[in-house]
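Here is the structure we will look at, set down as structure tokens.
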Amino acid sequence: MSNSPDDPDAAGPRQRHVEMGVAAFILILGAITIFGSLKVGIGWGAEGPKSGFFPFWIGLLIVATSGFNFVSAYAKPSRKLFAEWGQIAQVLKIVWPMAIYVAAVPWLGIYVSSAILIIGFMRWLGRYGWPLTLGVGLGLQVVIYVTFEKWFLLSLPKGPLEDLLGL
Amino acid sequence: MESIGDLMGGFAVVLSWQNLLYMVIGIVLGVVIGVLPGLGGANGVAILLPLTFSMSPTSAIILLSCIYWGALFGGAITSILFNIPGEPWSVATTFDGHPMAQKGQAGEALTAAFTSSFVGALFAVIVITLAAPLVASFALQFGPAEKFSVFFLAFCSFVGMGKEPPTKTIAAMMLGFALAAVGTDTVTGQLRLTFGSTELLGGFDFLIAVIGLFGIGEILLTMEEGLSFKGKAAGINPAVVLQTWKELPRYWVTSLRSCLIGCWMGITPAGATPASFMSYGIAKRASKNGDKFGTGEIEGVIAPETAAHAAGTSALLPMLSLGVPGSPTAAVLLGGLLIWGLQPGPLLFVEQKEFVWGLIASMYLGNIVGLVVVLTMVPFFAAILRIPFAIIAPVILVICAIGAYTVHNNSFDVVMMLVFGIAGYFLKKCNYPLAPLVLAIVLGDKAEEAFRQSLLISQGSLGVFWSSGLVATIMSLGLIALFWPFLSNLYGRVLTPALRK
């Protein structure tokens, strides 16, 4: 934390721009809700209000409040930063591996993916030596396997390696 | 005094070796969860919920509620020793708790915090024991309109009492309702808002939302701050504990006031966080040493901790008696009841007596066990915090992913968890409250059902919500809560200058 987001020299996206983006995103979700409600009917049917009745009004409220949030973020003269680029890079360092991890789980199974995630993370960001890295990365998989599959009898997703090992 | 007899029955249920073991495991896990960044009461319970599917409901709720108590205790440890609030409700504890630790009084601060937590929780459990059966028997006569009015009041309280801008609170809450609406319409069985996607047929599960919003979102926030833990040593020994206990009764007024604030804020779903701030603020104004607050006053630790625990515990009162949870963690526990096949709400007190009183009895015992565990194991918990973030972060991510997967044995849920996590990061940074969002996802279907049934009775007239004195009163209270920021603003602008003249 060399400099705070209030530092005028620091660079990064402005808080109000991000707030406008978030408000616009929520507004779009509200619009989708309204659209979807209209499709199933928002009027009065045989069993009372139709399926779209309640979500339609919810959608309207989302659009109205997000519209207000968008305008008030736009009108705010503040130059406050959302975060510095460096901080955003930090966050991305965990978002990318996580995205790959999530995509890999159905193919590799949860054990292999998790081991790769932990080992990669500890080597790359933590710069730990191999013994500790492998110990945590592989040891946790054993703990998870015993706890979930043996103790609580919950089956977790498995991949080619588990097939090979016959687990 | 029927409830005393029922409570004794509850103790009989709880006092088995197995349940006591679950209690201790729950407390220890809870404190660990409370201490670690990225794991909190709500998502800790959400992750472990699938593990309880095969247990008896009573054992399951004992384990999960003890995790909740443990998490409430755990927040204080990080606040005092590391100046890092492990949970949002322990932010106020850092104000005086950490300065005390810096002065070398970490033991006193921790003892005061744990004991106050215990007192707050005990007060709230007594309130639950006495009030919950009454509220429940009263609520048994509720029709759909009354049910909806209670939901209405609960959600309006978020708008009125939250510190976030009202339009953001409403936007977040309505987003939750919209997410809850996706999938099968519970009233007519029709599909809606799925847009032909098979993944959305089942709708959004709030457990996935909780794990993503609170777990992954929190990790991202911690990553951004680039945390490095620099803690004070945890010196706690029996002499310090006894010494502090001798001192504490002097502050009974602060304790009692904090208990009342906490219970009030917990039952109306404002939650533990505002309760702790409010209690700290009032204690600061009321105390003789008010100007010394912030420099390490023991009263500044007692006030927020008592209120936070009283609020966190009393949040279970509306959950049990009305089916309306007072906090995100209570909402997750409510989701648990549904999964175990129990219907939360007033009927629970009639149909599942053993379960309800077992839970209430476990609250008494759980908090006693909790106090003993935290007082004796502080050094162990503090050591966990010294594990570097580069090791803890991926491990927590993996645990969250497994938790999300086991809810429905579905890999797509793990993807949704990450989406909710990124959304949570942005929402939190842009000052949108997450608690009403989660509660809306949990209660959306029920609120909608009550709303539509009411309209069906009245043939579409909104007048049904003002048709009887009870419904009208609750709805009016809701409207007052909804417009409270506006009303208090108006009061400040119009009346105060007028009075000055």
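The values are calculated or read from the model by the stated rules, or taken from the named source; none is laboratory data. Just so you know, these numbers come straight off a predicted model, no measurement behind them. Here Cβ is always computed from backbone atoms with ideal geometry, including for glycine, and neighbour counts include all displayed protein chains.
Tabulated data
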quantity	calculated
Test: residue in region B:6-19 that is touching a residue at least 24 places away in the same chain (Cβ under 8 Å) and within 23 Å of A:LEU153 (Cα to Cα)	yes
Any hit, region B:484-500, residues being under 24 Å from B:MET161 (Cα atoms), more than 23 Å from the chain's Cα centre (by Cα) and outside any helix (DSSP H, G or I)	no
Which numbered condition B:SER488 fails, given (1) surrounded by fewer than 23 Cβ atoms within 10 Å (Cβ to Cβ); (2) within 14 Å of another protein chain (Cβ to nearest Cβ)	(2)
Whichever residue in region A:116-152 is more than 7 Å from chain B (Cβ to nearest Cβ) and part of a loop (DSSP other than H, G, I, E, B) and, among such residues, is modelled with the lowest pLDDT	A:ARG127
Members of region B:37-60 that are touching a Phe, Trp or Tyr at 6+ places or on another chain (Cβ under 7 Å) and of a type in the set (A, V, I, L, M, F, W, C)	B:ALA42, B:VAL45, B:LEU51, B:ALA60
Candidate set from region A:153-167 (those that are among the charged types (D, E, K, R) and farther than 16 Å from B:ALA401 by Cα); member that is nearest to the other protein chains (Cβ to nearest Cβ)	A:GLU162
Test: B:LEU434 is more than 12 Å from chain A (Cβ to nearest Cβ) and in contact with a helix residue (DSSP H, G or I) (Cβ under 6 Å, 6 or more places away or on another chain)	yes
Residues being out of contact with any strand residue (DSSP E or B) (no Cβ under 9 Å at 6 or more places or on another chain), part of a helix (DSSP H, G or I) and farther than 23 Å from B:LEU201 by Cα - total across region A:9-26	9
Helices (runs of 4 or more DSSP H) completely within region B:150-269 that count 2 or more residues being over 30 Å from B:LYS429 (Cα atoms), out of contact with any strand residue (DSSP E or B) (no Cβ under 8 Å at 6 or more places or on another chain) and away from chain A (no Cβ under 14 Å)	B:238-247, B:252-267
Residue within region A:91-101 that is among the small types (Gly, Ala, Ser), farther than 30 Å from A:ALA23 by Cβ and surrounded by 13 or more Cβ atoms within 10 Å (Cβ to Cβ) present	no
Identity of the residue in region B:190-218, at pLDDT 85 or above and farther than 30 Å from A:SER51 by Cβ, that ends up surrounded by the most Cβ atoms within 10 Å (Cβ to Cβ)	B:ILE216
Subset of region B:349-404 [of a type in the set (S, T, N, Q) and under 28 Å from B:ALA209 (Cβ atoms)]	B:GLN352, B:SER362
Check on A:GLY129, outside the structural domain of A:SER37 (by TED's automatic domain parsing), more than 17 Å from B:ILE396 (Cβ to Cβ) and of a type in the set (Gly, Ala, Ser)	yes
Close pairs (7 angstrom Cβ cut-off, 6 or more residues apart or separate chains): at the interface with another protein chain (Cβ under 7 Å from one of its Cβ atoms) and closer than 9 Å to A:THR33 by Cβ in region A:47-71, among the polar types (S, T, N, Q) and buried (at least 24 other Cβ atoms within 10 Å of the Cβ) anywhere	A:PRO55/A:THR33; A:PRO55/A:SER37; A:ILE58/A:THR33; A:GLY59/A:THR33; A:GLY59/A:SER37; A:ILE62/A:THR33
Extreme residue, farthest from the other protein chains (Cβ to nearest Cβ), among residues of region A:30-43 that are closer than 10 Å to A:ILE62 by Cα and surrounded by 18 or more Cβ atoms within 10 Å (Cβ to Cβ)	A:ILE34
Extreme residue, nearest to the other protein chains (Cβ to nearest Cβ), among residues of region B:438-457 that are over 19 Å from B:THR329 (Cα atoms), aliphatic (A, V, I, L, M) and in contact with a Gly (Cβ under 7 Å, 6 or more places away or on another chain)	B:LEU456
First in region A:86-113 and in the same structural domain as A:GLY137 (by TED's automatic domain parsing), second anywhere and crowded, with 19+ Cβ neighbours inside 10 Å and not in a helix (DSSP H, G or I), Cβ under 8 Å, 6 or more apart	A:VAL91/A:ALA83; A:VAL105/A:PRO157; A:PRO106/A:PRO157; A:GLY109/A:LEU156; A:GLY109/A:PRO157; A:ILE110/A:LEU156; A:ILE110/A:PRO157; A:TYR111/A:LEU156
Test: residue in region B:124-138 that is part of a helix (DSSP H, G or I), over 20 Å from the mean Cα position of the chain (by Cα), hydroxyl-bearing (Ser, Thr, Tyr) and surrounded by fewer than 21 Cβ atoms within 10 Å (Cβ to Cβ)	yes
Helices (runs of 4 or more DSSP H) wholly inside region B:1-119 that include at least 2 residues being within 14 Å of chain A (Cβ to nearest Cβ) and under 23 Å from the mean Cα position of the chain (by Cα)	B:17-35, B:41-48, B:57-82
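Here is a yes/no grid of residues against (1) crowded, with 23+ Cβ neighbours inside 10 Å; (2) part of a helix (DSSP H, G or I); (3) within 14 Å of chain A (Cβ to nearest Cβ); (4) among the aromatic types (Phe, Trp, Tyr):
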| position | (1), (2), (3), (4) |
| --- | --- |
| B:PHE349 | yes, yes, no, yes |
| B:VAL369 | no, yes, no, no |
| B:PRO379 | no, yes, no, no |
| B:PRO394 | yes, yes, yes, no |
